[in-house]
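Novice: The following block contains the structure, expressed as structure tokens.
All of the numbers you see were taken from the coordinates with simple rules; none came from a lab. It should be emphasised that the depicted structure is a prediction, and the values quoted were computed from it without experimental measurement. When we count neighbours, we look across all protein chains shown, and the Cβ atoms used for this are built from the backbone with ideal geometry, even at glycine.
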Amino acid sequence: MKVTKKPTVLMERFPYRYVEVGTLENGSPDCRIQKMSSFTKRYSDMYLCDNQMQLMTAMEDYDYTLWLDPDCPPCYIKDVSKNYYSLGKTKN
């Protein structure tokens, strides 16, 4: 029988929370990003991080968390965009 450990919440930024759930077989921490379901009002695992560095990066960079989200919310949005088609035109 597998015993599951209660997750330790490292940081919460709605609708995401960053948790550690015990350790893996290799001794490294089991890092996960969980997302709140709007239907059930409960957190569920959205992404299982490869290592602790990836979890720390996701905690620092909110757009990276959005990029990992399987629901594909918009991320890394620019404030200003250039019109590259007008750069090659010359004035007469």
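Novice: What are the ³J(HN,Hα) couplings of the stretch 66-78, residue after residue, when phi is run through the Karplus curve with 6.51, -1.76, 1.60 and θ = phi - 60°? Round to Hz, x for glycine and proline.
Specialist: Ordered by residue, 3J(HN,Hα) equals 4, 5, 7, 5, x, 7, 6, x, x, 9, 6, 8, 7 Hz.
Novice: Which ordering of 36, 53, 46 is given by a fewest-first count of other beta-carbon atoms within 10 Å?
Specialist: If I rank by nearby Cβ atoms, fewest first, I get 53, 36, 46.
Novice: Let me ask something else about it. Over the Cα atoms of the chain, what Rg and Dmax result, in angstrom?
Specialist: When restricted to Cα atoms, the chain yields Rg and Dmax of 19.3, 79 Å.
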